[in-house]
1. Per q in 0.12, 0.21 Å⁻¹, report the Debye log10 I(q)/I(0) for segment 207-278, using one uniform scatterer on each alpha carbon and no solvent.
2. Using every Cα-Cα pair within segment 343-535, state what percent have a distance larger than 22 Å.
3. Would you kindly derive the ³J(HN,Hα) couplings of segment 100-113 from the backbone phi angles with the Karplus curve 6.51 cos²θ - 1.76 cosθ + 1.60 (θ = phi - 60°), listing them in order in whole Hz, with x for Gly and Pro?
4. Mind checking the dipole of the chain: about its Cα centre, +1 per Lys or Arg Cβ, -1 per Asp or Glu Cβ, Debye to the nearest 20?
5. Using only helices, what value at 222 nm comes out for the chain when you add -39,500 (n - 2.57) per DSSP H run of length 4 or more and divide by the total residues, to the nearest 500 deg cm²/dmol?
6. Based only on Cα atoms, what Rg/Rh ratio does the chain have, Rh being taken as Kirkwood's radius?
7. Counting only C-alpha contacts under 8 Å and six or more residues apart, can you give the relative contact order of the chain as a whole percent?
8. If segment 450-536 were replaced by its equivalent ellipsoid, with semi-axes equal to the square roots of 5 times the Cα gyration tensor eigenvalues, what would those be, largest first, whole Å?
Amino acid sequence: MLSLGINIAHDRGASLVKDGKVICAISLERLDRVKHSSGVTLPYEAMEYCLRVGNCTYKDLNVIVFNYPHHFKAYPVIQKIKQELYSLCSTIEFVPHHLAHAFSTFYASSFKEATVLICDGAGNAYKGDALDFWKKNNKDFFKTEIDIEAESGYYFNNNTYDVIYKRWQTRSGKLQILSLGRMYWEACLKIGMNILDGGKLMGLAPYGEKLIEPEEIITKYRNGFDFSIDINKIKKMPNKTFLDKANIAWIAQYNLEEILVWLATILCRQTHCKNICLAGGIGLNSVANERIIKESPFKNIFILPASDDAGIALGCAYFGYYNILKGKERHPYPMYTGRSYNDIEIQKALEGLNYYKSDNISKEVAQLITEGKIIGWHQDKSEYGARALGNRSILCDPREGKMKDILNEKVKHRESFRPFAPTVLYEEADKFFSVDGSEYPYMLRIVDVLEDAKTKLQAITHVDGTARLQTIKREQNPKYYDLIKEFYKLTEVPVILNTSFNVAGEPIVETPYDAVKCFLSTEIDVLVIGEYIIKK
Ligand SMILES: [Fe+2]
């Protein structure tokens, strides 16, 4: 049974699930090269990319499921979109935004039972039924205050789910009724960042200090789950200097963490289930994720790497298979969900460049990394979501602090306060990081760098002594694992600095051609595509 999931509006994309197995998931931004690709049209390029990977056509699909988030421009054209979808498949379904997030993370996890917490900027209005609202109130639609999903909780048990928590926010955010995600984006706006720059705000927070007591901003109501946020307190904070901005980041981050731990604790008491799945853009906040697992009663956590709206397409596809088609099969979530490129495609992209084929790519590239080279690393299938996990990565030596500055200066051009993340061989992780034997496969949790390892890992240790870790096992990605192992043999450090293969403001590279373009337009020293090496 084949289910195609589609996300419309921002972070458009598509995903194909066959009998519970993720065949493909891709964000349109990787293909149209527009960051967070946004628009109220169907992402045909992503849809057809999925069909190509699945070796099928629209006629083979059993269902198409779609979602458009809280994006009011979408409502007037949604009928047209539905008609377009009906011309492709006879079974079409809409799934509310937070439910799509919930399906994405629960069915990608290996849990048979889980509590699911969804936090983002905004979900759907009127329980996903805004289309009717639009039709009835067309004239006054944009003036009318309506409810939109703020935070949601679900309990999943195999093929059933219950909604166990729903907090609504007003569209305007007035009356202090706004989501945690909106509080976070208001803080971003206050210091001149984009609303989707939450990762930067999180990186800035440890440089700040407490100027306002958190209780002055967030009020928790003890008779239930509700809380209110006085965003004006944050809006009135000074924002001129670096420290001003860091103080704003600090308070937003601290409040976010406090509420999430509180919410998670209440939900766990309700379900008595010790597994938690997270999604929604807030799921990318690795610092908050770590506090949830350390301070709430949950014992096991899963966070979808595409926690933001990029992951909605997967949630839609899962919803089609498990909820509409009543499928029952479960399969492990693959770390890499794109398509791979063959030698002919790679060679075509490399035409005119001085390249050669290596007979031991891991050894050769590890040696280059020890020499201080910055490597553009493009292998096999791409990752889904904002984290590069070793197939579309820029790699370099994590040992010396200056590598961070060199990388920023030559390639990434990111704010200097933002940390770079490490990948470590899973079995060596406890010698360098405060891990507990768990896997950290998606760079969505933080750990402390052990005291005596900090000098060996200067380029990936954040100002607060933490790192946003990825552990890697050989079966997850043999080529990437072997590369780090070779680096370990040469340096006695089983860690590599891994950042996404893109420059600031651009999507992560997808095709070999994108990788070549990025290589030629930056000061990346060496490009590696498959077994091919190109040096500047
Ligand atoms: Fe969302």
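Coordinate-derived values only; no laboratory data. Bear in mind that the values here come from a model prediction, so they are computed numbers and not experimental data. We place every Cβ from the backbone using ideal geometry, glycine too, and count neighbours over all the protein chains shown.
1. Result of the Debye calculation: -0.41, -0.89.
2. So the portion of pairs separated by more than 22 Å is 41 percent.
3. Rounded to whole hertz, the list is 4, 4, 5, 4, 4, 7, 5, 6, 7, 7, 9, 6, 8, 9.
4. Approximately 860 debye in magnitude.
5. That comes out to -8500 deg cm²/dmol.
6. Reported Rg/Rh, Kirkwood definition of Rh: 0.96.
7. Worked out over the chain, it gives 16 percent.
8. 26, 18, 13
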